[in-house]
1. I'd like to know if region 38-47 contains one or more residues that are free of Cβ contacts under 8 Å to residues at least 60 places away in the same chain, open to solvent by less than 20 Å² (accessible area, probe 1.4 Å) and more than 26 Å from the chain's Cα centre (by Cα).
2. Checking Lys81 against (1) away from the ligand (no atom under 16 Å from the Cβ); (2) under 30 Å from Met1 (Cβ atoms); (3) open to solvent by 30 Å² or more (accessible area, probe 1.4 Å); (4) of a type outside the set (A, V, I, L, M, F, W, C), which test does it fail?
3. Cβ-Cβ under 6 Å, sequence separation 6+ or interchain: first residue in region 137-152 and within 11 Å of the ligand (Cβ to nearest atom), partner polar (S, T, N, Q) and assigned to a loop (DSSP other than H, G, I, E, B). Which pairs?
4. Look through Lys324, Lys328, Lys344 and report the one residue that is surrounded by 16 or more Cβ atoms within 10 Å (Cβ to Cβ), among the basic types (Lys, Arg), in the same structural domain as Arg24 (by TED's automatic domain parsing) and more than 25 Å from Asp183 (Cβ to Cβ).
5. Out of all the residues in region 119-134, which are open to solvent by less than 30 Å² (accessible area, probe 1.4 Å) and within 14 Å of the ligand (Cβ to nearest atom)?
6. Which one of these does Phe35 not meet: (1) over 20 Å from Ile63 (Cβ atoms); (2) away from the ligand (no atom under 16 Å from the Cβ); (3) touching a Phe, Trp or Tyr at 6+ places or on another chain (Cβ under 8 Å)?
7. Name the residues in region 201-245 that are at positive phi and buried (at least 21 other Cβ atoms within 10 Å of the Cβ), would you?
8. How many residues does region 101-118 hold that are part of a helix (DSSP H, G or I) and open to solvent by 40 Å² or more (accessible area, probe 1.4 Å)?
Amino acid sequence: MTKSERLFEEAVRYMPGGVNSPVRAFGSVGEKPRFIEKGEGAYITDADGRTYLDFVGSWGPMILGHNHPQVKEAVLKACEKGLSFGAATEAEVTMARLICELVPSIEMVRMVNSGTEAVMSAVRAARGFTGRNKIVKFAGCYHGHSDAMLVKAGSGVMTAGVPDSAGVPAGCSQDTLTAVYNDLSSVEELFGACGQEIGAVIVEPVGANMGVVPPAEGFLEGLRGLCTRHGALLIFDEVITGFRLGLSGAQGYFGITPDLTTFGKIIGGGMPVGAYGGRREIMEMIAPLGPVYQAGTLSGNPVAMAAGIAQLRLLKETPDFYQKLGQKSERFFEQVQKLGRESKIPCQLNHVGSLGCLFFTQEPVRDYASAKTSDTKAYAGYFKHMLREGIYLAPSQFEAMFVSAAMTEEDLERTLSAMETYFLAG
Ligand code: KE4
């Protein structure tokens, strides 16, 4: 029995499914989870001493790779001064100023502790600002686990959202309407049916929780236009794309200005951090200034801020950081695409910048329904093959590959040859 197996055997006694977040249980790939002991640069090492090239990167935060010396040093330095005060600190001002400087649409920002909390708070701010209760989201987009976001696509236009989890009362999901990603007409239909009641549309500007699904030409512009026309707010959930696709995230990459943006992952540098921000008149609704209540004991925690500030400064000050990461990723994904075309196993690659996903389906993937045509068993076989080759991929077909700046050309070459063996073996 490996140490990971032994740890898992014990873990399931004390934690639901033996994990603190479901995807880590490796359930959809039929493997026992690897317990990770450490990370360094592009690599992680499990409890049995096996190292893997890490394409998960803690689901996005580790864009610089693990244990970056300057991020680590900033954290250790902050720890020297104490871990948490529950009081205002300079680090929070530095972080808020940095986000407002880097993302033009953000005039004011509030730090929280996770992407879920950022989305939950942004939705409440949108409802408070507009005085409207309905929120439109998209099938296949994930915005964390707050009740209003755990909604199954209702069948008809007017069908109120149906809870997508036990424990979510109908009352919490009835005001969440679901549209089809990359299908503007499905959004127009909802606005046509209840436009004056819709307070906001929330969207992942690049879908990254149904695998990676880029926005179709005109989709994001169309959402912007519809929201403006109907007096609803456009919320970009940039928990994954924020500081991933560029210093001003997907909104800079695609040139669309949302009213509110949510962040997570990269802004914490690996520590628990989320944030939401946007137009001043909206953010001034937030307590203690305005009537929308939101709070958090560890929000803006000085150690977490130190990690996030160090990472954001490195991204801002490293010359041509995103150009280099983008070119490296483009070269890599082009090779993956070529392998996919020669592969005996049908697969489709979607990618945007350093985000990518290989879908095991014949169909081009442009929304949740087409993503779901993927053969998850084939993905599981691919996952296991790559794990044996020392390549750590997302343990689910419906997640993203994250290329990190720490990955070398040799790392990516090794990944491609591991893929080639699998695809050509068929
Ligand atoms: P957290 O509460 O997990 O920090 O963030 C929720 C969230 C919000 N919005 C988007 C676009 C997200 O991708 C996420 C969380 N992403 C998943 C990965 N697909 C986190 C991994 C997990 O759940 O363990």
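1. Looking for residues that are free of Cβ contacts under 8 Å to residues at least 60 places away in the same chain, open to solvent by less than 20 Å² (accessible area, probe 1.4 Å) and more than 26 Å from the chain's Cα centre (by Cα), one finds at least one in region 38-47, hence yes.
2. All conditions are met except number (2).
3. Tyr142/Asn209
4. Answer to the check: Lys328.
5. Listed by number, the residues that qualify are Val119, Ser121, Ala122, Val123.
6. Phe35 satisfies every listed condition except (2).
7. Matches in region 201-245: Gly211, Phe243.
8. 1
The values are calculated or read from the model by the stated rules, or taken from the named source; none is laboratory data. Only a predicted model underlies this, so the values are computations on that prediction, with no experimental measurement involved. All Cβ positions, even for glycine, are placed from backbone atoms using ideal geometry, and neighbour counts span all protein chains on display. Ligands, DNA and RNA are excluded from the accessible area calculation, which covers all protein heavy atoms including side chains. Shrake-Rupley method; radii C 1.70, N 1.55, O 1.52, S 1.80 Å.
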